[in-house]
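K.L.:
My questions will all concern the structure given below.
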Amino acid sequence: MQRIAVIANLKPETEKRAVELIETGPPFDPEQLGFDRHTVYLSGNQVVFVFEGGRLDHLLHGVVRNPENLGAFGAWAPIIEGFPVVAHEAYSWQRGSNGGGWGE
């Protein structure tokens, strides 16, 4: 399972609009595209989109390159400040795993 996060800064006083966009759901069908999980986190000034699944590079390109999604993604443009950044998973812990601690 691969995980990736897309982090975007929100313009001031746009959290309410972000909530509205999130409540409408993603502008694509995550299951149909092959994602295993999609989560969105919202703070006062940031929104974080987390995608999980196999071959995420392939899955995300399928989402971004689909012309049907451009309008929906465009709804975010007026409330996003700057360019979103992509964060790749650097550490993960799961109960029952033998994963090491920090710095091990």
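Just so you know, all these numbers are worked out from the coordinates, no wet-lab data involved. The shown structure was predicted, so the numbers you read here are calculated from the model rather than taken from an experiment. With ideal geometry, Cβ positions are generated from the backbone for all residues, glycine too; neighbour counts draw on all protein chains shown.
K.L.:
Taking square-rooted eigenvalues a ≥ b ≥ c of the alpha carbon gyration tensor, is the range 1-48 rounded, prolate or oblate, where a/c under 1.5 means rounded and, failing that, a/b exceeding b/c means prolate?
P.N.:
oblate
K.L.:
Near SER43, within a Cβ-to-Cβ distance under 15 Å, what is the net charge of the other residues, with Lys and Arg +1 and Asp and Glu -1?
P.N.:
0
K.L.:
Something else: ILE80 label point, 7 Å along Cα→Cβ, cut-off 11 Å on backbone N: hits in the range 35-55?
P.N.:
47-49
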